[in-house]
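The values are calculated or read from the model by the stated rules, or taken from the named source; none is laboratory data. In this text, all values refer to a predicted model and were calculated from it rather than measured experimentally. Here the Cβ positions follow ideal geometry from the backbone for every residue, glycine too, while neighbour counts run over all protein chains shown.
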Amino acid sequence: MANETDVNTARSALEAIWANPPARDQRFGNALKSVSLKNIRGLSVNVELQWPVVAIGGINGCGKTTILQVCSAAYTRPGTGKHHYTLGRWIGPALAGESPPITPPAEVRFGFWDTTPSLVAPYQVQRTRWGYPEARQPRAQRCLRWHRKLRA
């Protein structure tokens with residue numbers, strides 16, 4: 001079991017990496033800096049991720065899982081450009097009798113620690129799908145196949 005000295009040593013090493021952008025980006029890659037949800041499952045919130053280890057706490061039903069699920073949709077599989085998870089997988093249609101999970105206008109916005117531009121995905125009511133960035137945006141190159149799949 002780690003003692004207090006071991007924990008402090010590990011924390012200092014992690015803080016040194018996190019405070020150095022080239023080392024941070026090499027070690028953690030395209031790490032999320034913030035995620036904003038607007039009108040999703042009753043949440044309109046901006047979450048700032050200030051450190052590589054973040055704890056999210058709260059009572060049952062306050063949106064912890066929703067925030068984590070949405071965060072997972074920001075990442076692609078290395079070398080494939082395909083996303084591990086999509087927003088539609090997590091924020092789908094409501095079951096009978098439930099309140100709708102999306103209240104237009106809804107959107108998700110991801111901010112990153114590295115030089116990757118923010119990724120904004122508005123919900124398109126007329127298509128009942130999430131709109132992802134156009135191909136002209138640098139981040140969209142990773143999402144292009146996923147974006148085409150969603151348009152189909």
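Assorted remarks:
- Hey, Cys71 surrounded by 13 or more Cβ atoms within 10 Å (Cβ to Cβ), more than 26 Å from Arg11 (Cα to Cα) and at pLDDT 85 or above or not: no
- Number of the condition not met by Asn20 [criteria: (1) surrounded by 12 or more Cβ atoms within 10 Å (Cβ to Cβ); (2) outside the structural domain of Val7 (by TED's automatic domain parsing); (3) not hydroxyl-bearing (Ser, Thr, Tyr)]: (2)
- Matching residues in the stretch 49-65 - criterion: being surrounded by 13 or more Cβ atoms within 10 Å (Cβ to Cβ) and over 20 Å from Ser118 (Cα atoms): Ile56, Cys62, Gly63, Lys64, Thr65
- Tabulated pairs, the stretch 17-29, first of a type in the set (A, V, I, L, M, F, W, C), second surrounded by 13 or more Cβ atoms within 10 Å (Cβ to Cβ), C-beta under 7 angstrom, 6+ apart or interchain: Ile17/Arg24; Ile17/Arg27; Trp18/Arg24; Trp18/Pro52; Ala23/Ile17; Phe28/Pro52
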